[in-house]
1. Could you identify the single residue in 376, 325, 334, 346 that is in contact (Cβ under 8 Å) with a residue 60 or more places away in the chain and on the phi > 0 side of the Ramachandran plot?
2. Here are 193, 237, 247: which of them is surrounded by fewer than 19 Cβ atoms within 10 Å (Cβ to Cβ), in a helix (DSSP H, G or I) and not acidic (Asp, Glu)?
3. Pairs under 8 Å by beta carbon, first residue of a type in the set (Asp, Glu) in segment 292-307, partner open to solvent by less than 10 Å² (accessible area, probe 1.4 Å), six or more apart or different chains?
4. Any residue at all in segment 359-367 that is among the charged types (D, E, K, R) and in contact with a Ser or Thr (Cβ under 9 Å, 6 or more places away or on another chain)?
5. Regarding segment 414-421, can at least one residue be identified that is surrounded by 15 or more Cβ atoms within 10 Å (Cβ to Cβ), closer than 22 Å to residue 211 by Cβ and not acidic (Asp, Glu)?
6. All but one of (1) modelled with pLDDT of 90 or more; (2) open to solvent by 20 Å² or more (accessible area, probe 1.4 Å) hold for residue 262; state the number of the condition that does not hold.
7. When only residues in segment 312-354 that are part of a loop (DSSP other than H, G, I, E, B) and closer than 16 Å to residue 254 by Cβ count, which is most open to solvent (accessible area, probe 1.4 Å)?
8. Scan segment 77-90 and tell me whether some residue there is at pLDDT 80 or above and under 11 Å from residue 19 (Cα atoms).
Amino acid sequence: MTIEVKVPQLPESVADATLVSWHKSPGDRVSRDENLVDLETDKVVLEVPAPADGVLAEIKAEDGATVTTGDILALLEEGAAEEAGAAEKAGGEEAEATGGEPAAKATEEAEEETAGRGASKLSPAVRRLVEEHELDPSRIRGSGRDGRITKADVMDYLEAEGDKAAAGPAAASEAAEIEEVPTATTAGGREERRVPMTRMRTRIAERMVEAQSTAAMLTSFNEVDLGAVMEIRKRYREPFEKKHGVRVGFMSFFVKAAIEALKKFPVVNASVEDADIVYHDYYDVGIAVSTDRGLLVPILRNAELMSFADIERSIGDFAARAREGKITVDDLTGGTFTITNGGVFGSLMSTPILNPPQSAILGMHKIQERPMVVDGEIRVRPMMYIALTYDHRIIDGREAVQFLVSIKESLEDPARLLIQV
């Protein structure tokens, strides 16, 4: 029975998706719920599982194709895997009866199986190129996701092996389609590569330009002595982790401090809609998470109701799922305020950019020991610069500065978070 593999229902806010890569090729056996292909939207990567056990008969949409809900991606022959297995068994018995052929056939199959291991993750276009030039995929180093071989990898291999002449017009045609195309090479090895933006990167670029063109962005700075926070983390690290099963980090302190500051200055938690200011009486805090595909901002909904452990657990879960490509559109939708931590990459100071339609974003940075004057004495203290980028159309400089002062006071005297002053 032939089954159509279709694009699943895309989220309401997503119009279409780009086919990133096939994990199977025509003729491959597949198991029910096994991931067949990755689809990339503006926000997340969706996996399309096999609807049944069988053999992938035909691929209808190649890598890079733009697809929408209900489009046919491939045809699957249900139950063909079992039939193929039975046919192979019968063929083996027949060959054994004839004598002489089984050993040769077994050797040939073993060679095909060995080559197949390297080709198991090849896209259809790459597989055609490999077969055309009779290459061993196991000898080609893949630069794609999870070590997959791209067309560029094959072309680089051919060039390195001096196979340009054998490549001929067909290879040149294939090269025109590759994801990473060498556009200029000189004797000095000055190579350039043209790499298409992913859907996610394109969307990020659009939103950054949108933020620059629609908001009057301004950034204010302050610095925080994190000695008290570090002392609390050190003192309660073991009992906290033992009770809650998660480590207490800096982010939970910053989320709590930000919420208290947002309560004092509601306009920082607001957004602009046409000629109106929309005040949000809830606190959905976005936490910027860096992934190989770009920056994602999953949302801590009603963060004001969450404990330190809830915040740390949720952030850890978001980070793990984001890096595994399992984050959902719902996780990324909404948000009234964002916190981003450039300090994990060593940034000492930066000006974060707004995440529209939000009107403010808090930037954390690297903790740096610096000499500070404390009670008339010079002491070495763990200091961090913090930055607030805000939409000056609705947030005045006075409110932005006082917002940062509120966060500074909460972090330098964490007892304030307990009694909410």
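The values are calculated or read from the model by the stated rules, or taken from the named source; none is laboratory data. Computed from a predicted model, the values in this text were never measured in an experiment. Ideal geometry is used to build each Cβ from the backbone, glycine not excepted, and the neighbour counts take in all protein chains shown. For the accessible areas, the whole protein counts, side chains as well, though only heavy atoms, and no ligand, DNA or RNA atoms are used. Shrake-Rupley method; radii C 1.70, N 1.55, O 1.52, S 1.80 Å.
1. Values: 376 fails: in contact (Cβ under 8 Å) with a residue 60 or more places away in the chain; 334 fails: in contact (Cβ under 8 Å) with a residue 60 or more places away in the chain; 346 fails: in contact (Cβ under 8 Å) with a residue 60 or more places away in the chain.
Going through 376, 325, 334, 346 in turn, the sole match is 325.
2. Numbers: 193 fails: in a helix (DSSP H, G or I); 247 fails: in a helix (DSSP H, G or I).
None of the other options fit; the residue is 237.
3. Correct list of pairs: 304/259.
4. At the first step, the residues of segment 359-367 found to be among the charged types (D, E, K, R) are 366.
Okay, now just the ones that are also in contact with a Ser or Thr (Cβ under 9 Å, 6 or more places away or on another chain), so 366.
Yes, there is a match, as at least one residue in segment 359-367 is among the charged types (D, E, K, R) and in contact with a Ser or Thr (Cβ under 9 Å, 6 or more places away or on another chain).
5. Going residue by residue through segment 414-421, those that are surrounded by 15 or more Cβ atoms within 10 Å (Cβ to Cβ) are 414, 416-417.
Cutting the leftovers down to closer than 22 Å to residue 211 by Cβ gives us none.
Scanning segment 414-421 turns up no residue that is surrounded by 15 or more Cβ atoms within 10 Å (Cβ to Cβ), closer than 22 Å to residue 211 by Cβ and not acidic (Asp, Glu).
6. (2)
7. Once the filter is applied, the top-ranked residue is 350.
8. So in segment 77-90, the residues at pLDDT 80 or above come out as 77-78.
Now narrow it down to the ones that are under 11 Å from residue 19 (Cα atoms): none.
Among the residues of segment 77-90, not one is at pLDDT 80 or above and under 11 Å from residue 19 (Cα atoms), which makes the answer no.
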